[in-house]
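A.B. asks: Take a look at the following structure, please.
The values are calculated or read from the model by the stated rules, or taken from the named source; none is laboratory data. Keep in mind that what you see is a predicted model, and the values were worked out from it rather than measured. We place every Cβ from the backbone using ideal geometry, glycine too, and count neighbours over all the protein chains shown.
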Amino acid sequence: MLPVSLGLAAAVLAGCASDPVEPAAEVAEPEAPAFHFASGTLELGDFDPATLGDDLFDPCAEISAEEYAAAGMTGVEPEPVIAESSNGLALGCDSDPIDHGIDRSIVSSRTPAAGVSETAGYELSYPETEVPDAYLMKNPVVSPYLCAAQVDTTRGALGVSVSVSGIKKESIDACVLALDNLERLYKASGQEAAEEM
C-alpha cells in the first residue's frame, strides 16, 4: 500500500506542477496624501515629537517662492521670532498680509494634534476640508482673533495661521481664512507634482 500512496502523492504533486500558475494580481497601494514640493514629498500622517530630532519641516526653506505664489501667498520670509519664542518647537515664515489688518504666517510645529488638544485653553476642531485630517486650533481667551489650520505630517505639523486686527476682527473669521490658505497650499502642491509627471 505504501508504494501506491507514494505513487499517488507523486502523481498529485506532478499534476500540480504542470498546472499553469496564475500570476497574483498586483494591488496598487493607494498613494498616501501628501504635499508635493520641489524639495520633496511631505506625507500627511502621525509623527512622534520625541523622535523628530532635526527633521522638522522648514516651510521657509523647503517651499519655494513659486510654490507659495501658486497658492496665492507672496512675500514669504523667515520669521526667527517664531523659533525663538517657541524654544525651537516651531519654525515659521511671515508673508505679505492677506489684507489690511489680516496677517498670515506659515508654521511647522513639533506639537501634533493630540498635544494641542491636551494644552489648556486651546480649542481643536476638525472641519470639512480637502486636506485629509486637517484641524483648526485657537485659544479664544488669549488670542480670540488668531486661528491656525494645521495638518500633521511625518515631519511635524504644518499649518497656516491668520490673525485679524482692527475693525475687521468682528466681521472676519480667521479660521475660515486659515483653512482656505492651507487648502490652497495643499492643492497647489498637488498640481505642481502632476505637471512634473
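A.B. asks: Any idea how many residues of segment 63-106 are part of a loop (DSSP other than H, G, I, E, B) and crowded, with 18+ Cβ neighbours inside 10 Å?
C.D. replies: The total comes to 7.
A.B. asks: When you check ILE172 against the structure, is it among the hydrophobic types (A, V, I, L, M, F, W, C), in contact (Cβ under 8 Å) with a residue 40 or more places away in the chain and buried (at least 17 other Cβ atoms within 10 Å of the Cβ), yes or no?
C.D. replies: yes
A.B. asks: I'm trying to understand the selection: among the residues of segment 107-126, which are touching a residue at least 40 places away in the same chain (Cβ under 8 Å), in a loop (DSSP other than H, G, I, E, B) and either under 23 Å from TYR68 (Cα atoms) or aliphatic (A, V, I, L, M) (or both)?
C.D. replies: Correct list: ARG110 only.
A.B. asks: Follow-up question, since we're still on this one. Scan LYS169, LYS138 and give me the residue that is at pLDDT below 95, in contact with a strand residue (DSSP E or B) (Cβ under 6 Å, 6 or more places away or on another chain) and under 24 Å from GLU79 (Cα atoms).
C.D. replies: Of LYS169, LYS138, the one residue that is at pLDDT below 95, in contact with a strand residue (DSSP E or B) (Cβ under 6 Å, 6 or more places away or on another chain) and under 24 Å from GLU79 (Cα atoms) is LYS169.
A.B. asks: Now a separate question. May I ask you to list the residues in segment 76-90 that are over 14 Å from LEU56 (Cβ atoms) and among the hydroxyl-bearing types (Ser, Thr, Tyr)?
C.D. replies: Answer for segment 76-90, where residues must be over 14 Å from LEU56 (Cβ atoms) and among the hydroxyl-bearing types (Ser, Thr, Tyr): just SER85.
A.B. asks: Is it fair to say THR111 is over 23 Å from ASP55 (Cβ atoms) and of a type in the set (Val, Ile, Thr)?
C.D. replies: So THR111 fails the test.
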